[in-house]
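Okay, so here's the structure we're looking at.
The numbers here are math on the coordinates, done by the rules we state, and not lab data. This one's a predicted model, so the numbers in the text were calculated from it and none came from an experiment. So basically every Cβ, Gly included, is an ideal-geometry build from the backbone, and we count neighbours across all protein chains shown.
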Ligand SMILES: Nc1nc2c(ncn2[C@@H]2O[C@H](COP(=O)(O)OP(=O)(O)OP(=O)(O)O)[C@@H](O)[C@H]2O)c(=O)[nH]1
């Protein structure tokens, strides 16, 4: 029942027994945002006239792509009609979590801020790898799980089948799985009642020094960083000075409040409360997700557990197509970093591509989002080099190198090269098991186990090198399983592997942008593929240009661009000197758009085409 404003308790005065903190975990597109919207509407915090789809997804890209990147926390008053708590207004704090593999760390922090979670599964699709991974995270955090089948209004819904599947996985009875339609609102009131009646109230020590966990921080151009916190012990009050426990940095609490669903200022936040704080810091790095906040005076000595620095897993070079945009790119990255503690970058130069930045990302989706934001919000035209993972190279003399860029791969005597590995979970209908195994085998995967979720769906567990899945693994998996398979992975360490650096040489000069670190067994095919691609893309020069792929000094593949002398004056016999000069000037103009690699002129488009990952072979040149 929607609560009236008069009986909704103020933050900091809310009895923890009346608070329920929960989040929603779901696979992309299973309806998490729609369900959140419906809850906002049913609890009456959003005026029906102001309701718009995906109210909580604020970023344009999120709205367009329909994915949630940043979590948000919303305070919803709700008085259940059923159960032992019927009639009493409770405060539900709903934390909307991101759903993609790249943001697992953010998901795990949002989970740590809750006592319960709603597991949303599409009634027409069943559980997916991502849901499973998040479910395991929730179980590790000891959360109460409320399983929900969504979209039961769809004609293709199979609630019985998937309820049985969920019950099998979490160990409950199929009749315990709630059935809702986030679209029509069917069953959502029951779900809200269920939240109040089954999720435990938060427990914390009221008189202890304050401890609050940061589960999200967002940069706002007008207000600086807005930090979302969950108070565990004690309380935070307006105007007090607080300290960040991982760094010891102190700040004044300029504003504190709750989101419902617009920010509402409060005097403070007490035990179990979820809300936001503003301290005037300008960079999310000063307010890190997972960190513990305490009071500067008589603060806590033990931080809450679980803080981790975000670690980039995938690196790629970003270069402006137009070299004069380089300062713009730097400013744009500086701006994006204010809102993204996981983005790292440093300047880099490439013979082929000029000045740019080597950037580190949490994963491929993170890379794509940053790239898209740079192009869209800052109007930049960019070219990115093939993504690569971080390697640890140990030399025979015992020295170690961390390699984030293939061109930095050390020469000299190498003892061992280590690459990151992940535990991958793939869920698919069992008719595709053969195709999936073949794909994983070709990517150096080793099968760890296989389980049947129901009679026709399987879970496969593989250990795979991260480098083998960052590129096009997901696309391949989708195309081999007609889109039915889902994948999730988590880093589990590193392994030593037989890896080599393959250089691509034009007329004897290595082109840095094309160097790659690949497994020895695949070096030859990479070399042949790149040399073939470039042979078709590089225009003929006045001399013969060999294109070679080499490991160290050993050439493993070769193609040749034959010589031609394009004599622009050929048709111009006779005397008119001004016409000849005009033609020569025109030829010079054309040359400006070429890059020189040693003595070879290469049009920039050739680099771009060669770096693109399109499966289509490059067109033959005329
Ligand atoms: N028919 C039907 N469609 C639904 C229902 N719930 C959600 N949808 C649709 O499913 C699609 C995905 O819903 P979202 O709420 O954006 O999914 P999400 O899980 O939040 O996705 P991410 O934000 O990417 O994690 C949208 O087109 C919704 O309109 C439902 O109960 N019934």
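On full extension of the chain, what length is gained from residue 376 through residue 608, given 0.36 nm per residue of separation minus the C-alpha to C-alpha distance? Please list the in-between numbers first.
Numbers: separation 232, 0.36 × 232 = 83.52 nm, distance 1.92 nm.
Computed gain between residue 376 and residue 608 is 81.6 nm.
Where does each of 240-253, 422-435 land if you order them by average Cβ count within 10 Å, highest first?
Values: 240-253: 16.2, 422-435: 19.1.
Ranking the peptides 240-253, 422-435 by packing returns 422-435, 240-253.
Report the equivalent ellipsoid semi-axes for the range 88-171 in whole Å, largest first, defined as the square roots of five times the eigenvalues of the gyration tensor built from alpha carbon atoms.
22, 16, 13
Any idea what % of Cα-Cα pairs in the range 95-232 are farther than 25 Å?
Numbers: 3321 of 9453 pairs.
Cα-Cα pairs in the range 95-232 separated by more than 25 Å: 35 percent.
Determine the equivalent ellipsoid of the range 381-496 by diagonalising the alpha-carbon gyration tensor, then write out the semi-axes as square roots of 5 times the eigenvalues, largest first, rounded to whole Å.
Working: eigenvalues 212, 57, 19 Å².
Rounded to whole Å, the semi-axes are 33, 17, 10.
Principal axis extents for the range 432-479, Cα atoms only, whole Å, descending order, please.
32, 22, 14
Divide the volume of the convex hull of the Cα atoms of the range 297-376 by its number of residues and quote the answer in cubic angstrom per residue. Walk me through the numbers on the way to the answer.
Details: hull volume 10.4 nm³, N = 80.
Hull volume normalised by residue count: 130 Å³.
Where does the range 381-424 land on Rg(C-alpha)/(2.2 N^0.38 Å)? Please list the in-between numbers first.
On the way: Rg = 12.9 Å, N = 44, 2.2 N^0.38 = 9.3 Å.
So the range 381-424 has a normalised radius of gyration of 1.40.
Please state the Cα pair-distance histogram of the range 233-296 with 5 angstrom bins from zero: what percent is in each bin?
Computed distribution, short to long bins: 4, 18, 28, 29, 17, 4, 0.
From the Cα gyration tensor of the range 355-441, with a ≥ b ≥ c the square roots of its eigenvalues, which class applies: rounded if a/c is under 1.5, or else prolate if a/b is larger than b/c, or else oblate? Walk me through the intermediate numbers first.
Working: a/c = 2.98, a/b = 1.06, b/c = 2.80.
Taking the square roots of the gyration eigenvalues as a ≥ b ≥ c, the range 355-441 is oblate.
Would you work out the Kirkwood radius for the range 165-321? I mean one over the mean of 1/r across all pairs of different Cα atoms, in Å. Intermediate values should be presented prior to the final figure.
On the way: mean 1/r = 0.0551 Å⁻¹.
Across the range 165-321, the inverse of the average 1/r is 18.2 Å.
From the C-alpha gyration tensor of the range 261-348, pull out the three semi-axes of the equivalent ellipsoid (sqrt of 5λ each), sorted largest to smallest, in whole Å.
Values: eigenvalues 248, 59, 25 Å².
Rounded to whole Å, the semi-axes are 35, 17, 11.
Work out, in µm²/s and without decimals, the Stokes-Einstein translational diffusion coefficient of the range 310-459 at 20 °C, 1.002 mPa s, Rh from Kirkwood over C-alpha pairs. Intermediate values should be presented prior to the final figure.
Details: Rh = 18.1 Å.
In µm²/s, the coefficient rounds to 118.
With r defined as the distance between the Cβ atoms of residue 141 and residue 560 and R0 fixed at 60 Å, what FRET efficiency is calculated, to the nearest 0.05? Please report the intermediate quantities before stating the final value.
Numbers: r = 60 Å, r/R0 = 1.00.
FRET efficiency, residue 141 to residue 560: 0.50.
If each of residue 311 and residue 246 carries a label point 7 Å out from its Cα toward its Cβ, how far apart are those two points in nm?
1.3 nm
Taking the mean number of other Cβ atoms within 10 Å as a proxy for protection, how do you rank 396-402, 332-338 from highest to lowest?
Details: 396-402: 10.3, 332-338: 18.0.
Listed from highest to lowest mean packing, they are 332-338, 396-402.
Per residue of the chain, what 222 nm ellipticity follows from adding -39500 (n - 2.57) for every DSSP H run with n ≥ 4, rounded to the nearest 500? If you can, show how the numbers build up before the last one.
On the way: 14 runs with 152 residues, N = 622.
Calculated mean residue ellipticity at 222 nm is -7500 deg cm²/dmol.
Any idea how far apart residue 543 and residue 47 come out in nm if each label point goes 7 Å out from Cα toward Cβ?
Between residue 543 and residue 47, the label points sit 7.6 nm apart.
Quick one: P(r) of the chain from all Cα-Cα pairs, 10 Å bins, percents rounded to integers, in order of increasing distance.
All Cα pairs considered, the percentages come to 3, 14, 22, 22, 17, 11, 6, 3, 1, 0, 0.
In whole percent, what relative contact order does the chain give with Cα contacts below 8 Å and a gap of six or more residues?
On the way: 1349 pairs, mean separation 59.5, N = 622.
Over the chain, the number comes to 10 percent.
Once you place label points 7 Å from the Cα toward the Cβ at residue 416 and residue 205, how far apart are they in nm?
Each label point is offset 7 Å from its Cα along the Cβ direction, giving 4.5 nm.
Taking 0.36 nm per intervening residue step and subtracting the Cα-Cα distance, what contour gain separates residue 220 from residue 520 on full extension?
Details: separation 300, 0.36 × 300 = 108.00 nm, distance 4.74 nm.
The residue 220-residue 520 span can extend by a further 103.3 nm.
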